[in-house]
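Okay, structure first, notes after.
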């Protein structure tokens, strides 16, 4: 019986062999880092109306710009007064330069307005959405003193929604 006790005392503890696990981590960690999708989440903030110092008459007379993107045209309108301008789609696509130039004129008439609503028909390509948003947000202007091109803000606060039926 004494011999059995001595065997237990002299037995060394077994080491855990983690070589295979470490090899797996050495391969797996770089693989996961390389294949990870790095995405930038951008959020458009919506500013809800709150208590305002403006009178009701000023609010009613303010421009409520709506840009409606349809398959056949881009329409610019005021929510109160209706359609301001329609740009028909040409053979090569929508005319974003004309849209930008017209919005520059609208901004000159209403310099305090920063909001615009972008309304899209279903199945409008994403590229068209981006191009129209760029045209609504900023315009390229030439500075008189230096002659260089610069970006000027038009309507940077954009809300997006579904376009109403064409016969509105």
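The set of residues in segment 127-139 being free of Cβ contacts under 8 Å to residues at least 24 places away in the same chain and either surrounded by 11 or more Cβ atoms within 10 Å (Cβ to Cβ) or touching a helix residue (DSSP H, G or I) at 6+ places or on another chain (Cβ under 9 Å) (or both) consists of 137, 138.
Considering every residue within segment 49-60, establish whether at least one is surrounded by 11 or more Cβ atoms within 10 Å (Cβ to Cβ), at pLDDT below 90 and closer than 23 Å to residue 124 by Cβ. No: segment 49-60 contains no residue that is surrounded by 11 or more Cβ atoms within 10 Å (Cβ to Cβ), at pLDDT below 90 and closer than 23 Å to residue 124 by Cβ. On the stretch given as segment 68-115, residues that are assigned to a loop (DSSP other than H, G, I, E, B) and either in contact with a helix residue (DSSP H, G or I) (Cβ under 9 Å, 6 or more places away or on another chain) or in contact (Cβ under 8 Å) with a residue 60 or more places away in the chain (or both) total 4. In segment 147-160, the residues that are free of Cβ contacts under 8 Å to residues at least 40 places away in the same chain form Cβ pairs under 9 Å with partners that are surrounded by fewer than 11 Cβ atoms within 10 Å (Cβ to Cβ), at six or more places apart or across chains, as follows: 148/142; 149/142; 149/143; 150/142; 150/143. No other residue among 146, 81 is under 21 Å from residue 62 (Cα atoms) and out of contact with any strand residue (DSSP E or B) (no Cβ under 8 Å at 6 or more places or on another chain) apart from 81. Residues that are touching a residue at least 12 places away in the same chain (Cβ under 8 Å) and farther than 18 Å from residue 103 by Cα within segment 116-126 comprise 121, 122, 123, 124, listed in sequence order. Among the residues of this structure, residue 12 counts as one that is in a loop (DSSP other than H, G, I, E, B), modelled with pLDDT of 60 or more and out of contact with any strand residue (DSSP E or B) (no Cβ under 9 Å at 6 or more places or on another chain).
Looking at (1) part of a strand (DSSP E or B); (2) closer than 12 Å to residue 68 by Cβ, find the lone condition where residue 166 falls short. (1) is the only condition that residue 166 fails. Just one residue in the set 124, 160 is modelled with pLDDT of 85 or more, part of a strand (DSSP E or B) and surrounded by fewer than 17 Cβ atoms within 10 Å (Cβ to Cβ); that residue is 160.
So in segment 127-157, with the set limited to residues that are in a strand (DSSP E or B) and farther than 14 Å from residue 96 by Cα, which one is nearest to the chain's Cα centre (by Cα)? Give the derivation first.
Filtering segment 127-157 down to residues in a strand (DSSP E or B) leaves 138-142, 149-153, 157.
With the extra rule that they be farther than 14 Å from residue 96 by Cα, the set shrinks to 141-142, 149-153, 157.
On the way: 141: 23, 142: 26, 149: 24, 150: 22, 151: 18, 152: 19, 153: 16, 157: 11 Å.
Step by step, filter segment 127-157, then rank; the result is 157.
Take the conditions (1) in contact with a strand residue (DSSP E or B) (Cβ under 9 Å, 6 or more places away or on another chain); (2) surrounded by fewer than 16 Cβ atoms within 10 Å (Cβ to Cβ); residue 92 misses just one of them, which is (1).
The values are calculated or read from the model by the stated rules, or taken from the named source; none is laboratory data. Just so it is clear, the model here is predicted, and its values are computed rather than measured. In this analysis, Cβ positions are derived from the backbone assuming ideal geometry, glycine residues included, and neighbour counts consider all displayed protein chains.
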